[in-house]
Amino acid sequence: MSTSHLPATTDSIAQALEAKNPSEAISIYYLILENQSASPESLRIKEQAITNLSDLLRQENRGEDLRSLLTQLRPFFALIPKAKTAKIVRGIIDTVAKIPGTSDLQISLCKEMVQWTRAEKRTFLRQRVEARLAALLMENKEYSEALNLLSGLIKEVRRLDDKLLLVDIDLLESKLHFSLRNLPKAKAALTAARTAANAIYVPPAQQGTIDLQSGILHAEEKDYKTAYSYFFEAFEAFNALEDPRAVFSLKYMLLCKIMVSQADDVAGIISSKAGLQYVGPELDAMKAVADAHAKRSLKLFETALRDFKAQLEEDPIVHRHLSSLYDTLLEQNLCRLIEPFSRVEIAHIADLIELPIDHVEKKLSQMILDKKFAGTLDQGAGCLVIFEDPKTDAIYPATLETISNIGKVVDSLYVRSAKIMA
């Protein structure tokens, strides 16, 4: 690059905007940044040049150049307020994140910035970059390193009582523990995030994230009705902000409806005014699962899993509930098949449901033990014997109630006689 520079003026910015191609514009912006002028107007123009240059480099997918830009700007950061430095650094890191396939670059960039901020004693910026680094490490499945980073950061931020950052970190810790299948710690971290959030104003996007995480944890505990409420709150927040996470909140709402055997409501939610905005593969996947659930069809369920693998099996939240949903469907399918019979061969049921005999026999024995239906397995004959549902005789509860009432009368008489004797 040429050692000459352009004056940091609006004319230079205009020249870059009028450039014939992105490469020429990028060169002009670099020349503006090489200007050594430190006047307030020059600094303002340079800030604008940095923003425009970052956008152009992102469009050209030049992640490494963005990383070099951050290093090149360090002398410039000494001339501007720390708050503006933090804004520019975080802005460039966010810009790199928009370039696909740069997770490793983002991690190394954040580590570099953490070292620089530590050397420059920029605590405010360092804490935010460390929080971002922990999130990236979690996405990269480097859980132990992320947890070590967060544990030290939480203590430091609690000492400084930075509530807004504390909400971010507690929420991140909750997600991290959830990924490690440590539900008690995930709930404790989420409670801490809610406590910190109650003390300050939390932006709607952040509140939506808290509600989304609450829904995920309640769904994990099989409390699908409460989870649905939280997902709905998250959906409303994200929908108002046009956040892409709205479609996932809606998807999890539909999952909750299916899990509580209200699959008929799914079509209504999708065809509602809010749902129609997000029609696509995510909702089509849930509709296919809902149809399979409504028809109690294991075959349709397996077809949905195969056709929408990316939306169902590769979504970690939905995938957690698929096995229990499969068991529910298998139970409903078996119940539907054995309904007309009082005695039926297990091999015949296995043929109808198109599953191995051992698998069907094991599931039927489990359903009998769980009292899903009354029956027994005649393994000698290889048959399932289904009993009629035993009707409860009303005389036994009535007798127990009578005995209980007599007991109360006797106690009352004893208390009265004791008073008379006294």
Spatially proximal lysines relative to K371 (Cα-Cα < 27 Å; intrachain offsets below 8 disregarded)
K222, K225, K257, K295, K299, K362, K363, K391
With a 1.4 angstrom probe the carbon and sulfur portion of accessible area for the chain, in percent, totals 54 percent
Can you list the GluC sites (Glu not before Pro) in the stretch 213-294 that are in a DSSP coil and have 13 or fewer other beta carbons within 10 angstrom?
E221, E242
Would you mind calculating the gained length between D307 and Q36 on full extension (0.36 nm times residue separation, minus the Cα-Cα distance), in nm to one decimal?
91.7 nm
In the chain, which longest range has no chymotrypsin sites (Phe, Trp or Tyr not before Pro) that are both DSSP loop (not H, G, I, E or B) and surrounded by at most 12 other Cβ atoms within 10 Å?
1-200
At 1.4 Å probe size, what's the solvent-accessible area of M259? Round to the nearest 10 Å².
40 Å²
Taking a probe of 1.4 angstrom, what is the accessible area of R74 in Å², to the nearest 10?
70 Å²
Please compute the length gained on full extension between T71 and S27, using 0.36 nm multiplied by the number of residues separating them and subtracting their Cα-Cα distance.
14.1 nm
At most 15 other Cβ atoms within 10 Å and a DSSP loop assignment: could you name the GluC sites (Glu not before Pro) in the stretch 343-422 that fit?
E354, E388
Principal axis dimensions, the stretch 1-99 - Cα atoms, whole angstrom, descending:
34, 33, 21
Please give the helix 395-421 orientation as an angle from the longest Cα principal axis of the chain, in degrees from 0 to 90, rounded to the nearest 10.
90 degrees
For the stretch 91-149, shape from the Cα gyration tensor axes a ≥ b ≥ c, cut at a/c of 1.5 then a/b versus b/c, turns out oblate
Among G380, S108, N21, the residue whose Cα sits farthest towards the positive end of the charge dipole of the chain (+1 at Cβ of Lys and Arg, -1 at Cβ of Asp and Glu, taken about the Cα centre) is S108
How far apart, in nm, are two points set 7 Å out from the Cα along the Cα-to-Cβ line at D284 and at E345?
4.2 nm
Can you give me the angle between helix 123-139 and the longest principal axis of the chain, using Cα atoms only, in degrees from 0 to 90, rounded to the nearest 10?
50 degrees
Could you order T95, T195 by accessible surface area, starting with the largest, using a probe radius of 1.4 Å?
T195, T95
If DNA, RNA and ligands are ignored and the probe is 1.4 Å, what is the ranking of I216, I200 by accessible area, most exposed first?
I200, I216
Folded to 0 to 90 degrees: helix 40-59 orientation relative to the chain principal axis, Cα
50 degrees
Sequence of L337, L171 when ordered by accessible area, the most exposed leading, probe 1.4 angstrom:
L337, L171
FRET efficiency, 1/(1 + (r/R0)^6) with R0 41 Å, evaluated for S271 and S108 via beta carbons:
0.30
Would you mind working out the magnitude of the charge dipole of the stretch 1-99 relative to its Cα centre, with +1 at each Lys and Arg C-beta and -1 at each Asp and Glu C-beta, to the nearest 20 Debye?
460 debye
Counting Lys and Arg as +1 and Asp and Glu as -1, each charge on the Cβ, what is the dipole of the chain about the Cα centre in debye, to the nearest 20?
1540 debye
Let me know the charge dipole size of the stretch 339-388 about its Cα centre in debye, to the nearest 20, where only the beta-carbon of Lys, Arg (+1) and Asp, Glu (-1) is charged.
200 debye
Accessible solvent surface per residue of the chain, calculated while the other protein chains remain in place, 1.4 angstrom probe, Å²:
54 Å²
At a probe size of 1.4 Å, how large is the accessible area of R62, to the nearest 10 Å²?
80 Å²
By the gyration tensor of its Cα atoms, with a ≥ b ≥ c the square roots of the eigenvalues, what is the shape of the stretch 151-292: rounded for a/c under 1.5, prolate for a/b over b/c, or oblate?
prolate
Hey, with R₀ at 30 Å, roughly what FRET efficiency would E145 and L183 work out to, going by the Cβ-Cβ distance, to 0.05?
0.85
Would you give the gap between the C-alpha center of the stretch 247-291 and the C-alpha center of the stretch 87-130, rounded to a whole Å?
38 Å
Distant alpha-carbon pairs in the chain (separation over 31 angstrom), percent
60 percent
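The values are calculated or read from the model by the stated rules, or taken from the named source; none is laboratory data. All values derive from a computational prediction rather than experimental measurement. We place every Cβ from the backbone using ideal geometry, glycine too, and count neighbours over all the protein chains shown. Note: areas computed on protein heavy atoms with side chains; ligands, DNA, RNA excluded. Shrake-Rupley method; radii C 1.70, N 1.55, O 1.52, S 1.80 Å.
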